[in-house]
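Shown next, in structure tokens, is the structure this report addresses.
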Amino acid sequence: MDPRTGSEDTAPNGLEISADGQWLYIAGWAEEKLTRLSRGQTPVQKEVLDLGFRPDNLRMSLDGTVIFAAGHGNIQSPRAPLEESSNVATIDPDTLAVNRIFEHPAIAGFVASTTAIQIGDEMWLGSHRGERIAYFLHRNQVGVSSF
């Protein structure tokens, strides 16, 4: 990473960019954080958010009003990968308000969500640990749902 970007202390995993190209959103998996960095501004503006889970991937909603972050939770030492929870949060790209909309323990065939995409009133999840995809109902970006 180029230190001029302001990202030198971020272990990037997922990356999203604003529609106007002015902001980078970086998923910091190991640090359980999301970092927003400005582009084309001197000095670089930087904000860091604690998500409380390890975000794996980021996805901007089709209308650009929310970023979905999906990732692992319940990380233990020593690691117990098949017991890690699935988590999804929404992040307002302007205010950086975070809302955890989904938290679910591991289930057979689906462990540790790594990506989320909204299709209508449903959130679809993928994982790198399991043989399935999952979905849950998601209306008005409020509340916590379950499988």
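The values are calculated or read from the model by the stated rules, or taken from the named source; none is laboratory data. Given the structure is predicted, the values throughout are model-derived calculations rather than measurements. Because the Cβ atoms are built from the backbone with ideal geometry, glycine has one as well, and the counts that use them run over all protein chains shown.
Count of the range 110-138 residues, restricted to those that are acidic (D, E) and closer than 19 Å to E84 by Cβ, is 1. Scanning the range 66-93 for residues that are of a type in the set (A, V, I, L, M, F, W, C) and at pLDDT below 85 yields I75, A80, L82.
Pick out the one residue from I101, I67, I91 that is over 14 Å from Y25 (Cβ atoms) and in contact (Cβ under 8 Å) with a residue 12 or more places away in the chain. Sole residue among the options that is over 14 Å from Y25 (Cβ atoms) and in contact (Cβ under 8 Å) with a residue 12 or more places away in the chain: I101.
Residues in the range 10-31 that are in a loop (DSSP other than H, G, I, E, B) and free of Cβ contacts under 8 Å to residues at least 24 places away in the same chain: A11, D20, G21, Q22, E31. Is it the case, given these coordinates, that D56 is modelled with pLDDT under 95, part of a strand (DSSP E or B) and either surrounded by fewer than 18 Cβ atoms within 10 Å (Cβ to Cβ) or among the acidic types (D, E) (or both)? It is true that D56 is modelled with pLDDT under 95, part of a strand (DSSP E or B) and either surrounded by fewer than 18 Cβ atoms within 10 Å (Cβ to Cβ) or among the acidic types (D, E) (or both). Looking across the range 8-30 at every residue that is among the acidic types (D, E) and at pLDDT below 90, the one that is nearest to R54 (Cα to Cα) is identified as D9. If you take the residues of the range 94-123 that are of a type in the set (D, E, K, R) and not in a loop (DSSP other than H, G, I, E, B), which of them is modelled with the highest pLDDT? Once the filter is applied, the top-ranked residue is R100.
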